[in-house]
Amino acid sequence: GTKNKLKRFNKAINQKRKSWFLWHITLLVMIFLAFMKYMNFDVYERTKEMEHRYLEDLRKADRKFVATTSGVTYKVVTLGEVKRGPRSSRDTVVVNYKIFNVGGEMLDSTYVTKSLRTTLGKLPKGVQEVLRLIGPGGSLEVWVPSALAYSSGGCDSIGVKPNTMLFYDLKLKDVPRR
């Protein structure tokens, strides 16, 4: 009798302790996540504003640069065969590119290795957007805001840090049709 009551009492106390502990841990995790969301949002907003000002100044200095509604700023060097250009994100494209950060440091280049052959949809959103404007043989100079490049994740394989705007020297070599 008494032993059983004592066991049930201890079990109930342990349950309440576990419940109290889990509740507090959950609360701390929620506060931490809210804080991190706030901090990242602030960084993103500051980055976005700086990129916007930079690209606006660039367009004022060189009137050949044009901005899309999404914020990608580009200059068409050559149009190429526009009628044969990529239209769908499933279209295969063969491109050559050089990627630079804002400081002018080259991060990657297919001119060093070989042309990249991939579907349009696998490229960063900003690059997809401008490649649809030209055809095979066309080339562009493109400033892609971080949100349309590699965003807050960056890209370790080519050395792109999070929230980095990139400059692309793009040449669309071919859009193979099946």
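The values are calculated or read from the model by the stated rules, or taken from the named source; none is laboratory data. All of these numbers come straight from a predicted model, not from anything done at the bench. Here Cβ is always computed from backbone atoms with ideal geometry, including for glycine, and neighbour counts include all displayed protein chains. Note: accessible area is taken over every heavy atom of the protein model, side chains too, but ligands, DNA and RNA are not part of it. Shrake-Rupley method; radii C 1.70, N 1.55, O 1.52, S 1.80 Å.
Could you tell me whether Ser151 is farther than 27 Å from Arg63 by Cβ and in contact (Cβ under 8 Å) with a residue 12 or more places away in the chain? When the stated conditions are applied, Ser151 passes them. Apart from one condition, Glu141 fits all of (1) touching a residue at least 40 places away in the same chain (Cβ under 8 Å); (2) outside any strand (DSSP E or B); (3) under 21 Å from Thr68 (Cβ atoms); (4) not hydrophobic (A, V, I, L, M, F, W, C); the exception is (2).
With the condition kept exactly as written, say whether any residue in the range 134-151 is small (Gly, Ala, Ser), farther than 30 Å from Lys83 by Cβ and open to solvent by less than 20 Å² (accessible area, probe 1.4 Å). Yes. Total residues in the range 103-122 satisfying the condition of being open to solvent by less than 30 Å² (accessible area, probe 1.4 Å) and closer than 12 Å to Leu170 by Cα: the figure is 2.
Within the range 114-131, the set of residues being under 10 Å from Val93 (Cβ atoms), touching a helix residue (DSSP H, G or I) at 6+ places or on another chain (Cβ under 9 Å) and in contact (Cβ under 8 Å) with a residue 40 or more places away in the chain comprises Val127, Leu131.
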